[in-house]
Amino acid sequence: MKGFAGETLSIEEVCQTRLDVHGRAVAILRGVNLKMPAACLMAVVGPSGGGKSTLLRLINRLEDPSSGRILLSGINIATLDPLQLRRRVGVMLQVPFMYEGTVLDNLQKVFFFRSETAPVATDSGLLQVLELCQLPVDLLARQARSLSLGQQQRVSLARTLLAGPGLLVLDEPTSALDRPTADQLGRTLQDICRQRQLSILMMTHDLRLAQRVADYAAFLDQGRILETGEAASLFNNPRSESLKNFLASPADALEGSHVR
Amino acid sequence: MSGSVIDLSMIDLVLVYGLVLISASLARFNRIGQERDLLWSSLRMIVQLLMVGYLLKMIFTIASPLPVLLILLIMGGFAVHAVGARVKEKMPGFYRIVGMAMFTGCGGATFFLCILVIGLTPWYDPRYLIPLTGMIIGNSMTGASLAAERLTAEMTERHQEIETSLCLGATSRQASAEAVRSAFRAALIPSINAMATMGIVFLPGMMTGQILSGTEPLLAVRYQIAIMCVITASVAVTSFFILLLGCRSFFTSSHQLRIKQ
């Protein structure tokens, strides 16, 4: 698998405004600043509706911000061709979508989109990614939609990795998983980050996951980053009242481990 | 040709309208309802058809291309309007897209059939041009509604699939290919079904009409085959353009799915 080395990400004064159903402008992000070093695992935590998903959509240009800029390894992504950008930034949306067909069909999809020859089931790069994502090889021939949600999540991860990104961005990767499955996925992400020198950014309200696997963390609430730093110090010594409340609220801390 | 048609006088029409009155009174005395609608729509039909009849007669006697083209244009305009009335969730730029697609599809099909194949002399001969174009536009209208309606529905339903594909590096065209495919299928189904059952389940109207007016059945059949082929092509081209242009209107030039407000 060829890929880009771990990319750095720098988000500067990013705002995003949307129109609500009545046509009124609503600010979703109000000047977000965030710096992420290469080849580390960073978690953006915060309550639902705080702007995590919107931030994620800006990073691979599923949307463009109303103001501010985002730099990928020093280059403003607004100047990059979106198709090229999306090769370098692999985004996994919250609900894994499985195309009709087998798991192998799903993994080959990336290559069809690029009009490249897709790897066969015995391709060494493909097998490496499967192993990294802890997907047994005999799953390749199964219908992707018949798999459990946890397995679909892993297929989706493998599919994204096969594209060879330097930065992986995940939206609530554990929201549909039970606690053991979520913990396993967290370990897998850690392995990928270390072995591939991949930068991983995850948007999550699953505090347990963030505390266990993240090197760095940021707290996003009501469209602003209120705190950022090394994960351990952020979670052990929260400064702002809202992060203290968020860390103390059992509902939010547990939500990630409930099957929705 | 017209020599073999038996004349239908006004008295004959009064006689057949008596049947409508009998149906309406049956409905009334048995309290089934609908008699008001029955009478109203039958009156509308009579007035509208008589107006069309006089209009056609006028155009036939004027024998000049301008009124013929005007009629065709009005028919096209009404068709686009009707598509707009039928499709509830309209894509951005709906009327521009439907208008352009119908003009290309129906206009091209009509030109091909009337000028290149049948070879009308004069080229605007209203006796052929108006009814044939009417059939082409009428059928394409159904196809256009289905294509436009299905496309918006598919783009909304497949929203997750499309964004997943975009995340995996697909172009907007690749990401929406499945949605376009199912919308195209939906648009063509009526034409496909009509062709497959034609002659067995029902005798098509144009052919029946030609036979009634004394045309030799095999010639009437050949006309029916020709019009069906042209209608199918017109439906396909119209839907194709609606899907091609419509699909683009859901994306920005940066391969982003426009967010519904």
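The values are calculated or read from the model by the stated rules, or taken from the named source; none is laboratory data. Everything numeric here is computed off the predicted structure, so don't read it as measured data. Here the Cβ positions follow ideal geometry from the backbone for every residue, glycine too, while neighbour counts run over all protein chains shown.
Is at least one residue of region B:151-164 of a type in the set (Gly, Ala, Ser), crowded, with 22+ Cβ neighbours inside 10 Å and closer than 26 Å to residue B:87 by Cβ?
There is no residue in region B:151-164 that is of a type in the set (Gly, Ala, Ser), crowded, with 22+ Cβ neighbours inside 10 Å and closer than 26 Å to residue B:87 by Cβ.
Can you confirm whether residue B:172 is closer than 26 Å to residue B:243 by Cβ, among the hydroxyl-bearing types (Ser, Thr, Tyr), within 14 Å of chain A (Cβ to nearest Cβ) and touching a strand residue (DSSP E or B) at 6+ places or on another chain (Cβ under 7 Å)?
For residue B:172, the condition - closer than 26 Å to residue B:243 by Cβ, among the hydroxyl-bearing types (Ser, Thr, Tyr), within 14 Å of chain A (Cβ to nearest Cβ) and touching a strand residue (DSSP E or B) at 6+ places or on another chain (Cβ under 7 Å) - is met.
Restricting to helices (runs of 4 or more DSSP H) lying wholly in region A:130-241: which have 3 or more residues that are within 13 Å of residue A:45 (Cβ to Cβ) and not acidic (Asp, Glu)?
In region A:130-241, A:207-213, A:231-236 are the helices (runs of 4 or more DSSP H) which contain 3 or more residues that are within 13 Å of residue A:45 (Cβ to Cβ) and not acidic (Asp, Glu).
Taking the criterion of being over 18 Å from the mean Cα position of the chain (by Cα), of a type outside the set (D, E, K, R) and closer than 30 Å to residue A:79 by Cα, would at least one residue in region B:238-245 satisfy it?
Yes, region B:238-245 has at least one match.
Residue B:29 - would you say it is out of contact with any strand residue (DSSP E or B) (no Cβ under 7 Å at 6 or more places or on another chain) and within 30 Å of residue B:259 (Cβ to Cβ)?
When the stated conditions are applied, residue B:29 does not pass them.
Which residue is nearest to residue B:73 (Cα to Cα), if the candidates are limited to region B:115-139 and must be of a type outside the set (S, T, N, Q) and not in a helix (DSSP H, G or I)? Show your work before the answer.
If we filter region B:115-139 for residues that are of a type outside the set (S, T, N, Q), which is where we start, we get B:115-120, B:122-132, B:134-138.
The next check asks that each one be not in a helix (DSSP H, G or I); those that pass are B:119-120, B:122-125.
Details: B:119: 21, B:120: 19, B:122: 19, B:123: 16, B:124: 13, B:125: 16 Å.
Among residues in region B:115-139 that are of a type outside the set (S, T, N, Q) and not in a helix (DSSP H, G or I), the one nearest to residue B:73 (Cα to Cα) is B:124.
With the checklist (1) within 14 Å of chain A (Cβ to nearest Cβ); (2) exposed (fewer than 14 other Cβ atoms within 10 Å of the Cβ); (3) in contact (Cβ under 8 Å) with a residue 40 or more places away in the chain in hand, flag the one item residue B:214 doesn't pass.
Just one mismatch for residue B:214, condition (1).
Taking the conditions exactly as written (under 28 Å from the mean Cα position of the chain (by Cα), on the phi < 0 side of the Ramachandran plot and at pLDDT below 90), does residue B:37 satisfy them or not?
In short, yes.
Going by the structure shown, is residue A:11 in contact with a strand residue (DSSP E or B) (Cβ under 9 Å, 6 or more places away or on another chain) and within 11 Å of another protein chain (Cβ to nearest Cβ)?
So residue A:11 fails the test.
Test of understanding: among A:23, A:50, which residue is under 17 Å from the mean Cα position of the chain (by Cα), part of a loop (DSSP other than H, G, I, E, B) and of a type outside the set (Asp, Glu)?
Residue meeting the stated conditions: A:50.
Which of the residues belonging to region A:86-100 are facing chain B (nearest Cβ under 7 Å), in a loop (DSSP other than H, G, I, E, B) and aliphatic (A, V, I, L, M)?
Step one: filter region A:86-100 for residues facing chain B (nearest Cβ under 7 Å), giving A:86-87, A:91, A:93, A:95, A:97.
Those still in the list that are in a loop (DSSP other than H, G, I, E, B) too: A:93, A:95, A:97.
A:93, A:95 - these are the residues of region A:86-100 that are facing chain B (nearest Cβ under 7 Å), in a loop (DSSP other than H, G, I, E, B) and aliphatic (A, V, I, L, M).
Checking the conditions here, which among B:20, B:5 is within 29 Å of residue B:214 (Cα to Cα), touching a Gly at 6+ places or on another chain (Cβ under 8 Å) and not aromatic (Phe, Trp, Tyr)?
Being within 29 Å of residue B:214 (Cα to Cα), touching a Gly at 6+ places or on another chain (Cβ under 8 Å) and not aromatic (Phe, Trp, Tyr) holds for just one of B:20, B:5, which is B:5.
Restricting the search to region B:126-169, which residues are of a type in the set (A, V, I, L, M) and within 14 Å of another protein chain (Cβ to nearest Cβ)?
B:162, B:166, B:168
Given the structure, is residue A:46 away from chain B (no Cβ under 14 Å) and out of contact with any helix residue (DSSP H, G or I) (no Cβ under 8 Å at 6 or more places or on another chain)?
no
Evaluate the following for residue B:238: is it more than 14 Å from chain A (Cβ to nearest Cβ), surrounded by 19 or more Cβ atoms within 10 Å (Cβ to Cβ) and hydroxyl-bearing (Ser, Thr, Tyr)?
Answer is yes for this residue.
Any residue in region A:57-80 that is in a loop (DSSP other than H, G, I, E, B), out of contact with any helix residue (DSSP H, G or I) (no Cβ under 9 Å at 6 or more places or on another chain), surrounded by 17 or more Cβ atoms within 10 Å (Cβ to Cβ) and not hydrophobic (A, V, I, L, M, F, W, C)? Break it down stepwise before answering.
In the first step, residues of region A:57-80 are kept if they are in a loop (DSSP other than H, G, I, E, B); the result is A:60-66, A:73-74, A:80.
Narrowing further to those that are out of contact with any helix residue (DSSP H, G or I) (no Cβ under 9 Å at 6 or more places or on another chain): A:66, A:74.
With surrounded by 17 or more Cβ atoms within 10 Å (Cβ to Cβ) added as a condition, the list becomes none.
No, region A:57-80 contains no residue that is in a loop (DSSP other than H, G, I, E, B), out of contact with any helix residue (DSSP H, G or I) (no Cβ under 9 Å at 6 or more places or on another chain), surrounded by 17 or more Cβ atoms within 10 Å (Cβ to Cβ) and not hydrophobic (A, V, I, L, M, F, W, C).
Residues to consider are A:67, A:73; find the one that is more than 10 Å from chain B (Cβ to nearest Cβ) and free of Cβ contacts under 8 Å to residues at least 60 places away in the same chain.
None of the other options fit; the residue is A:67.
Looking only at region A:101-114, count every residue that is within 15 Å of residue B:161 (Cα to Cα), more than 9 Å from every other protein chain (Cβ to nearest Cβ) and free of Cβ contacts under 8 Å to residues at least 40 places away in the same chain and tell me the total.
Of the residues in that region, 1 qualify.
Going by the conditions given, is residue B:182 of a type in the set (Gly, Ala, Ser), touching a helix residue (DSSP H, G or I) at 6+ places or on another chain (Cβ under 6 Å) and buried (at least 17 other Cβ atoms within 10 Å of the Cβ)?
no
Scan region A:115-163 for residues that are within 14 Å of chain B (Cβ to nearest Cβ) and without any contact (Cβ under 8 Å) to a residue 12 or more places away in the chain and report the count.
Total satisfying the criteria: 3.
Please report, ordered by residue number, the helices (runs of 4 or more DSSP H) entirely within region B:166-261 with at least 2 residues that are closer than 17 Å to residue B:101 by Cα.
B:177-197, B:217-249
If I filter region B:128-142 for residues that are among the aromatic types (Phe, Trp, Tyr), modelled with pLDDT of 90 or more and either closer than 27 Å to residue B:251 by Cβ or in contact with a strand residue (DSSP E or B) (Cβ under 9 Å, 6 or more places away or on another chain) (or both), do I get at least one hit? Break it down stepwise before answering.
Initially, region B:128-142 is screened for residues among the aromatic types (Phe, Trp, Tyr), giving B:128.
Pick out the ones that are also modelled with pLDDT of 90 or more and you get B:128.
Remaining after also requiring either closer than 27 Å to residue B:251 by Cβ or in contact with a strand residue (DSSP E or B) (Cβ under 9 Å, 6 or more places away or on another chain) (or both): none.
Looking through region B:128-142, none of the residues is among the aromatic types (Phe, Trp, Tyr), modelled with pLDDT of 90 or more and either closer than 27 Å to residue B:251 by Cβ or in contact with a strand residue (DSSP E or B) (Cβ under 9 Å, 6 or more places away or on another chain) (or both).
(1) within 12 Å of another protein chain (Cβ to nearest Cβ); (2) surrounded by fewer than 19 Cβ atoms within 10 Å (Cβ to Cβ); (3) within 25 Å of residue A:205 (Cβ to Cβ): which one isn't true of residue A:54, the others all being true?
All conditions are met except number (2).
Show the residue pairs that are 6+ apart or on different chains and have beta-carbon atoms under 8 Å apart, the first residue being within region B:19-34 and in a helix (DSSP H, G or I), the second being hydroxyl-bearing (Ser, Thr, Tyr).
Every condition considered, the pairs that remain are B:20/B:42.
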